[in-house]
Amino acid sequence: MKRVEAIGDLRAELDSRRAAGARVGFVPTMGYLHDGHVALMRSARAATDVVVASVFVNPLQFAAHEDLDDYPRDLGRDAVLAEEAGVDLLFTP
């Protein structure tokens, strides 16, 4: 599994694969993966040629009274689970 942080790098990876005829599956997450995320990744693996998962904690999804800093994060664990589920590219902007 390859980890990609910049959108331009992700586009470059996917453009070449799509040009070769690959179908791309995308699983967007806010990280702290659980069995539901893993099931989606495995489903994408079965249905497509290239699986991309994102881990992005979007501050816009938190209201003023919610604490973005308290949202659980464990990118190392997420990367292991994603790789075990068959993810090819982990996008972590």
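The values are calculated or read from the model by the stated rules, or taken from the named source; none is laboratory data. Treat the numbers as computed from the prediction; the structure is a model and nothing was measured. Because the Cβ atoms are built from the backbone with ideal geometry, glycine has one as well, and the counts that use them run over all protein chains shown. Just the protein is used for accessible areas: all its heavy atoms, side chains included, with ligands, DNA and RNA removed. Shrake-Rupley method; radii C 1.70, N 1.55, O 1.52, S 1.80 Å.
Just ALA53, ALA79, ALA64 to compare: in a GNM of the chain, with alpha carbon springs under 10 Å, which one fluctuates most?
ALA64
Using +1 at the Cβ of each Lys and Arg and -1 at the Cβ of each Asp and Glu in the chain, identify which of MET30, GLY86, VAL55 lies farthest towards the dipole's positive end.
GLY86
How many percent of the accessible area of the chain is carbon or sulfur, using a 1.4 Å probe?
On the way: 2950 of 5600 Å².
Carbon with sulfur: 53 percent of the solvent-accessible area.
Name the most mobile residue of GLU83, GLU13, GLU66, meaning the one with the largest mean-square fluctuation, in a Gaussian network model of the chain with Cα contacts below 10 Å.
GLU66
Rounded to the nearest 5, what % of DSSP beta bridges with both residues in the chain are antiparallel?
0
Which three lengths, in whole Å and largest first, does the chain cover when its Cα atoms are put on their principal axes?
47, 28, 20
Averaged per residue, what accessible area in Å² does the chain show with a 1.4 Å probe, protein chains only? It would help to have the intermediate numbers written out before the result.
On the way: 5600 Å² over 93 residues.
For the chain, the solvent-accessible area averages 60 Å² per residue.
Over all alpha-carbon pairs of the stretch 34-78, lay out the pair-distance distribution in 5 Å bins, whole %, shortest bin first.
Bins of 5 Å from zero give 5, 16, 21, 19, 17, 11, 7, 3, 0 percent of pairs.
Determine ³J(HN,Hα), in whole Hz, for all residues of the stretch 26-33 in sequence, where each value follows from phi through the Karplus function 6.51 cos²θ - 1.76 cosθ + 1.60 and θ = phi - 60°; x replaces Gly and Pro.
Once θ is set to phi - 60°, the couplings for the stretch 26-33 become 10, 10, x, 9, 9, x, 6, 4 Hz.
How large is ³J(HN,Hα) for each residue in the stretch 70-81, as worked out from phi by the Karplus curve 6.51 cos²θ - 1.76 cosθ + 1.60 (θ = phi - 60°), to whole Hz, x for Gly and Pro?
8, 5, x, 9, 7, 4, x, 5, 4, 5, 5, 4
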